[in-house]
1. Identify the residue in segment 37-68 that is β-branched (Val, Ile, Thr) and in contact with a strand residue (DSSP E or B) (Cβ under 6 Å, 6 or more places away or on another chain) and, among all such residues, is farthest from residue 150 (Cα to Cα).
2. Within segment 84-115, restricting attention to residues that are within 22 Å of residue 34 (Cβ to Cβ) and loosely packed, with under 11 Cβ neighbours inside 10 Å, which residue is modelled with the highest pLDDT?
3. Suppose we keep only residues that are surrounded by 15 or more Cβ atoms within 10 Å (Cβ to Cβ), part of a helix (DSSP H, G or I) and of a type outside the set (A, V, I, L, M, F, W, C) within segment 134-153. Which one would you say is modelled with the lowest pLDDT?
4. When you look at residue 29, is it touching a Phe, Trp or Tyr at 6+ places or on another chain (Cβ under 8 Å), at pLDDT 50 or above and closer than 24 Å to residue 92 by Cα, yes or no?
5. Could you please tell me which pairs satisfy a Cβ distance under 7 Å, a separation of 6+ or placement on different chains, a first residue in segment 103-128 that is of a type in the set (Ser, Thr, Tyr), and a second residue that is assigned to a strand (DSSP E or B) and crowded, with 18+ Cβ neighbours inside 10 Å?
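The values are calculated or read from the model by the stated rules, or taken from the named source; none is laboratory data. Keep in mind that what you see is a predicted model, and the values were worked out from it rather than measured. Here the Cβ positions follow ideal geometry from the backbone for every residue, glycine too, while neighbour counts run over all protein chains shown.
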Amino acid sequence: MSHFVRAVGIAIVCLITATGASAAATVSFVNPEKMTDVPHFSSDLESMEMIFREHIDELAAKLPAGQELKVEFLDIDLAGDVFPRVAVRDIRVMKGMADWPRMHLRYTIEQDGKVLRSGDLELSDPNYLMSSSSFRNEIYVHEKKLLDDWFRKDVLANR
């Protein structure tokens, strides 16, 4: 059943991408097996990648028509630390100490083949548990907030 749900999700994402939005996004994960802290199980890793792709797509939709956002995730250190408690599933515990979310990404915004803006950034939020988003029951909420803040401050503000 899990494979069916994942296949349907991927098909929906492909369909949405194919219908053509006002702005487009391309997301890649460079050597995820070498990243600092990403899920260990391949299905969880694929799920995380899909969630981040969808989130970047949502952000790219705020760009003017014809612009394309390209994001390469070079390193990810998810909020919290993983403690393997059960053989089937790891448990992520967030203490608010040295376990804050970090991301290293490279991005470009292009229009008609011309680069409008680009950057290579290290994002982090040592105060991630102090944010109002901490109270949302959503997977990768802290990492999404990092991406939202980056997009608002570095991408939309520099238009």
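1. Taking the candidates together, the pick is 38.
2. Filtering segment 84-115 for residues that are within 22 Å of residue 34 (Cβ to Cβ) and loosely packed, with under 11 Cβ neighbours inside 10 Å, the one modelled with the highest pLDDT comes out as 98.
3. Restricting to residues being surrounded by 15 or more Cβ atoms within 10 Å (Cβ to Cβ), part of a helix (DSSP H, G or I) and of a type outside the set (A, V, I, L, M, F, W, C), the top hit is 134.
4. Against the criterion (touching a Phe, Trp or Tyr at 6+ places or on another chain (Cβ under 8 Å), at pLDDT 50 or above and closer than 24 Å to residue 92 by Cα), residue 29 qualifies.
5. So the pair list comes out as 107/69; 107/70; 107/71; 108/70; 118/107; 124/102.
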